[in-house]
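Let me begin by presenting the structure, written as structure tokens, before commenting on it.
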Amino acid sequence: MNKYEIPELIDALKKEDNRVLLDIYRIHFPEARHYIMANSGNVFDAEDIFQDAMLLIYLKIKRNSLQINSGFGSYLGGIIRFLWLKELERKRKYFGKELQLEDSINDHSDLLEDYIRMEKRKLILEHFLELGSDCQKLIHLFVNETPVDRITSLMGFSTDQYTRNRRKVCKERLVRAIWENPRFKELKNEAFRQDTKVPRW
Amino acid sequence: MKHLDRIQKYLDGKMNESELKKFRSDLQKDPELVEELDLHRSVNETVLSTDEIRFRKKLEEAYKTYKIDGHKENTSVSGNRTKLKRTIVFSSALMITLLFLFILSEFRKQSNDEIFEANLISFSQDFTSRFQPEFANQDQDLQEGIKLFVDGKYSDASRVFHQFLGQNPDNTEASFYNGLCMVFLNEFGNAISAFEFVLAAPYSYYQEYASWYLALCYIKTNNTEVAKSLLKEISGNDSSFSDKARRILRKLR
């Protein structure tokens, strides 16, 4: 993306600059769409993969772990190819073919780790949003370290003990749903394959 | 999933010395305990990761704009050279006219009523695309109220929300929707109270929307200075209404 210097682009993404995001779509999305549609995907896959790739870059920027040695376009393209191949692999359409990574991605293991982290967060969020609105609020308030008595009054519950019990039920429902999701197991195995250490995500 | 209580106790910092020691030693030898603990931590991190959700929303908005732009481009190119030339000339003239009208409309001061009406229309789009998918997560009474609201039965919806709020006085969701009913029933004083209640809560999904509709209510009731200061606040935030707020600020008399 010649219009911007890499540091300028990183800074803009960190600030979530709408204008730059639109430019990135204008310049790079058509190529991504073409690639995905030419490889068993459709336009909706292209939208999702492009968004995931951008989020992955954003998360890398947030953790100060983004290193781009070539142009932004080839870096983004490499991530898109990587994510699409992972998706195809997941859909079992791509059995037996070795995963080819682009030369522009020099941190392969780091990318896989980021991918696993992002996918797990997507899964968690998906299950979180499936909870009732009271459960969502309750978990959010607890995680935000809001005092229990305040939560009791905010939620209109009768006692603090009831609030704690409700939190336990909600949290258990959420954690159990994620734990039992086959996708979670897949990601756990993938993390295990990548690194024989216990996964830290 | 057999360590739920212990993990929660550990994360809440409620373990005593010996429990803590035992827990740490179990962590060394039980990989499943480590995985469960990691999952709990990830859930907490994800629930707090509002920046990721916000960034996705921004990407969606950028993509929507990109699609609209692309459509314009596609419709302006067609046929042979002459036709293309004619199209270009026509498009240029049209663009200049549109640009002129756009500049005129951007900088023309509008009455508060005009601004209110123009910005309220976008609400129905906001509603259908953003709030409706959450239906499945709501209490039945609340769901019924929202359905009535969507059907344009504002008085009936408001009655349901009032009833619901009688039993759940701190529920910001019901208060937000009730505020919207009040807007459509032209009861702006009540709408303002409802939105202010949402904003006073320490946390609510609806705060971003409540501050936007509160600003519109202040515009409608000619509290222009209060509206301006609220719009300035919205335009300076990462709100999805910040562009709209800036545009209104230019148009307010």
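Read the figures in this text as sums done on the coordinates, not as results from a lab. The model shown is predicted, which means the values in this text are computed figures rather than measured ones. Heads up, the Cβs are rebuilt from the backbone with ideal geometry, glycines too, and the neighbour counts pull from every protein chain shown.
In a DSSP loop and with at most 13 other Cβ atoms within 10 Å, the trypsin sites (Lys or Arg not before Pro) in the stretch A:110-198 are A:K197.
Computed over the Cα atoms of chain A, the ratio of the radius of gyration to the Kirkwood radius (Rg/Rh) comes to 1.05. Candidate cross-link partners of B:K67 among the lysines, defined by an alpha-carbon separation under 16 Å and a same-chain spacing of 8 or more, comprise B:K57, B:K58. Which distance in Å, rounded to a whole number, links the C-alpha centroids of the stretch A:1-50 and the stretch B:172-245? Rounded to whole Å, the Cα centres lie 34 Å apart.
Counting Cβ atoms of other protein chains within 10 Å of each Cβ in A:174-181 and taking the mean gives 3. Beyond 22 Å in Cα-Cα separation lie the following of the pairs A:K86/A:K185; B:K147/B:K228; B:K147/B:K232; A:K168/B:K9; A:K60/B:K244: B:K147/B:K228; B:K147/B:K232; A:K60/B:K244. Among A:S74, A:S158, A:S40, the largest mean-square fluctuation in a Gaussian network model of chain A, built with springs joining Cα atoms closer than 10 Å, belongs to A:S158.
Between B:L11 and B:D151, the contour length at 0.36 nm per residue exceeds the Cα-Cα span by 45.9 nm.
A Förster distance of 22 Å, applied to the separation of the beta-carbon atoms of B:N186 and B:V226, puts the FRET efficiency at 0.70.
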